[in-house]
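Student: Dumping the structure here so I can ask a few things about it.
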Amino acid sequence: MDRILVNGGRVLKGEIPISGSKNAALPILAATILCRGAVTLKNVPMIRDITSMVAVLRTLGAEVRVERKENRVTVNTERIVRPEAPYELVKTMRASILVLGPLVATLGRGRVSLPGGCAIGTRPIDIHLAGLEALGAEITLEHGYVIAESRRLRGGYFRLPFPSVGATENLVCAAALASGRTILENAAREPEIVDLADFINAQGGAISGAGTERIEIEGVGSLAPREYSVMPDRIEAGTFLVAGAITGGRIAVRPMRRVWLASFLDTLDQAGVPVAVEDAEERITVSPPYRFRPVEVRTAVFPGFPTDLQAQMMVLSVLTEGESVYHETIFENRFMHVAELRRMGAHIEIVGKSAHVRGVPFLSGAEVMASDLRASAALVLAGLIARGRTTVTRVYHIDRGYERFEEKLAAVGADILRDRDAANEARMGS
Ligand code: EPZ
């Protein structure tokens, strides 16, 4: 299993290229099931979760061509014959559930293994299923699978009890080909939902209101394939902006837009990190002088502070004098990075769903273990500022959501490398 080795203390400087968004590419790949013929997606990040979704599409019978160097994926779903996503694939990536809506919309039937929980929480799909029923699907659960069936989905009204990102995506896809109009209330407003709607509309769909809590979808007869480029990954961008700030350096991320990260950038500002936004150039920069101040962060659905940047932001607070407080309101167990940060010397107390961080003068490098995608990234960030060597194991978590993570950091001055075997350890020196 690969490990990432990092020697702390380097000041990062430079511009980091941001890859396509994992959380936009996944629902868009699932939505290719709605299209007749071959659809080419550009700016697709070459990461493990994309590989998993491609495996799911191939299992369904789709033809998928992946051109890694060009970050391009071409999908032809016309010959999908088996509308079934099996357990061994779904267990590796819960986002596989996103094929359910498109399958029942095009083939009248979808059978997907129930995703089960994961490290950050139980993550049920009750809202996905209630929404599909509101569109006329018949839902049955058997042997750990969910089956959704309908001769022809019909437009309907559904108010989501919680603005679930995945449920909104599944329902937008299902409604795109339903007969009649669908209204989704209390829908998720994340930028990735807008990207999905833009993709479907580019194929001839009729979706309006994406990005607001009320989305209207006029069902259309079919969708014709048109090339589409995925939006950049705002969570990757936020991760690298924290890396720049905590090392005392100057880091720009590009392409990125303020509107996709407004709440996070406001929090950086409150934390004493000067942020420069050049929207015309689609570039965001953090640069000294840094006078870190304690912050109170409450994760929330968009446009609130993204839960996917909670662990990374906490690393900034770990060395900030005073007490910062992090309230995780989206997932029930998203503080796995805390125990590992403590082993590096951080002072963090968990009380209920809040983490109280008291700044310490320094962190010490250690061997730490990743447990979920964003916690892993946070541990690498901690390694950038710790004294000595940090070894992060189980980096397959990082590979799920970050393209060339350590290469991009090394390119702006980090003393970091991926240890595929012991030989590298010697190369790292003391
Ligand atoms: C998406 O997950 C993202 N994943 C997550 O990113 C992100 O953390 C999350 O949205 C919140 O922003 C992808 O887009 C592939 P939710 P999703 O449905 O769709 C509860 C990362 O690191 N819920 O909005 O699964 C659920 O248990 C990943 O890139 C129900 O109760 O998130 C959770 O507590 C991690 N019933 C909350 O809602 C449902 O039917 C948010 O879940 C659905 C969700």
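Student: Give me the orientation-averaged projected area of the Cα convex hull of the range 99-151, in nm², one decimal.
Tutor: Value for the range 99-151: 3.6 nm².
Student: Taking the mean number of other Cβ atoms within 10 Å as a proxy for protection, how do you rank 142-155, 235-248, 84-97 from highest to lowest? Don't skip to the answer; put the middle values down first.
Tutor: Numbers: 142-155: 16.4, 235-248: 25.4, 84-97: 19.4.
The packing order, highest mean first, is 235-248, 84-97, 142-155.
Student: OK, next. Could you sort the peptides 317-326, 222-231, 192-201 by per-residue average Cβ neighbour count (10 Å cutoff), highest mean leading?
Tutor: Order by mean packing, descending: 192-201, 317-326, 222-231.
Student: Still on this structure: Taking Rh as the Kirkwood radius computed over C-alpha pairs, what is the Stokes-Einstein D of the range 346-417 at 20 °C in a medium of viscosity 1.002 mPa s, expressed in µm² per second?
Tutor: Rounded, D is 162 µm²/s.
Student: Something else now. Measure off 7 Å from each Cα along the Cα-to-Cβ vector at R82 and V11, then give the distance between these two points in nanometres to one decimal.
Tutor: For the pair R82/V11, the computed spacing is 5.8 nm.
Student: For the range 8-78, what log10 I(q)/I(0) values come out of the Debye formula at q = 0.14, 0.19, 0.22 1/Å, with one point per alpha carbon and no solvent?
Tutor: -0.45, -0.70, -0.90
Student: Follow-up question, since we're still on this one. Go through K42, K408, K353 and list them by solvent-accessible area, largest first, probe radius 1.4 Å.
Tutor: The ranking, largest first, comes out as K353, K42, K408.
Student: Going out from 0 in 5 Å bins, what whole percent of all Cα-Cα distances in the range 252-319 drops into each bin?
Tutor: 4, 17, 27, 26, 20, 6, 1
Student: If you don't mind, another one. Once you have the alpha carbon radius of gyration of the range 271-430, what is it after dividing by 2.2 N^0.38 Å, with N set to its residue count?
Tutor: 1.06
Student: Using unit Cβ charges (K, R positive; D, E negative) and no other charged atoms, how large, in debye to the nearest 20, is the dipole of the range 182-229 about its Cα centre?
Tutor: Result for the range 182-229 is approximately 120 debye, rounded to the nearest 20.
Student: Leaving ligands and nucleic acids out of the surface, order D2, D126 by accessible area at 1.4 Å, largest first.
Tutor: Descending accessible area places them as D126, D2.
Student: Another question, then. How long is the gain from C118 to Y396 if the chain were fully straight, where each residue apart is worth 0.36 nm and the alpha carbon distance is subtracted? Intermediate results must be reported in sequence, preceding the final value.
Tutor: Working: separation 278, 0.36 × 278 = 100.08 nm, distance 1.49 nm.
Computed gain between C118 and Y396 is 98.6 nm.
Student: Could I have the simple spin-label model distance between V325 and R152, label points 7 Å from Cα toward Cβ, reported in nm to one decimal?
Tutor: According to this spin-label approximation, the distance is 5.6 nm.
Student: Taking the Cα-to-Cβ direction at E296 and at D126 and moving 7 Å from each Cα, how far apart do the two end points lie in nm?
Tutor: It works out to 3.0 nm between the two label points.
Student: By what distance, in whole Å, do the Cα atoms of the chain stretch along each of the three principal axes, largest value first?
Tutor: 63, 46, 42
Student: Follow-up question, since we're still on this one. Express the accessible area of the chain per residue in Å², computed with a 1.4 Å probe while the remaining protein chains stay in the model.
Tutor: I get 38 Å² per residue for the chain.
Student: Hey, quick one: spin label on S354, modelled 7 Å out along Cα-Cβ, who in the range 318-336 has an amide N within reach, i.e. under 11 Å?
Tutor: 324-328
Student: A further question on this structure: Please get the size of the charge dipole for the chain, origin at its Cα centre, with Cβ charges of +1 on Lys and Arg and -1 on Asp and Glu, quoted in debye to the nearest 20.
Tutor: 500
Student: Taking only Cα atoms of the range 17-127, what ratio of Rg to Rh do you get with Rh as the Kirkwood inverse-distance radius?
Tutor: For the range 17-127, the value is 0.95.
Student: Heavy atoms only, probe 1.4 Å: what % of the accessible area of the chain goes to carbon and sulfur, would you let me know?
Tutor: Result for the chain: 49 percent of the exposed heavy-atom area is carbon or sulfur.
Student: Using heavy-atom solvent-accessible surface (probe 1.4 Å) with all chains present, what is the largest-first order of H347, H356?
Tutor: H347, H356
Student: Principal axes first, then extents: for the Cα atoms of the range 22-229, list largest minus smallest coordinate on each axis, whole Å, largest first.
Tutor: So the three principal-axis extents are 42, 37, 32 Å.
Student: Still on this structure, please answer the following. According to the square roots a ≥ b ≥ c of the eigenvalues of the Cα gyration tensor, what is the shape class of the range 47-106, taking rounded for a/c under 1.5, prolate for a/b larger than b/c otherwise, and oblate for the remainder? Write out the running numbers ahead of the final one.
Tutor: Values: a/c = 2.02, a/b = 1.23, b/c = 1.65.
In terms of gyration-tensor shape, oblate.
The values are calculated or read from the model by the stated rules, or taken from the named source; none is laboratory data. Just so we're clear, the structure is a prediction, and the values are computed from it rather than from any experiment. Note: ideal-geometry Cβ built from the backbone for every residue, glycine included; neighbour counts use all protein chains shown. With ligands, DNA and RNA removed, areas are computed over all heavy atoms of the protein, side chains included. Shrake-Rupley method; radii C 1.70, N 1.55, O 1.52, S 1.80 Å.
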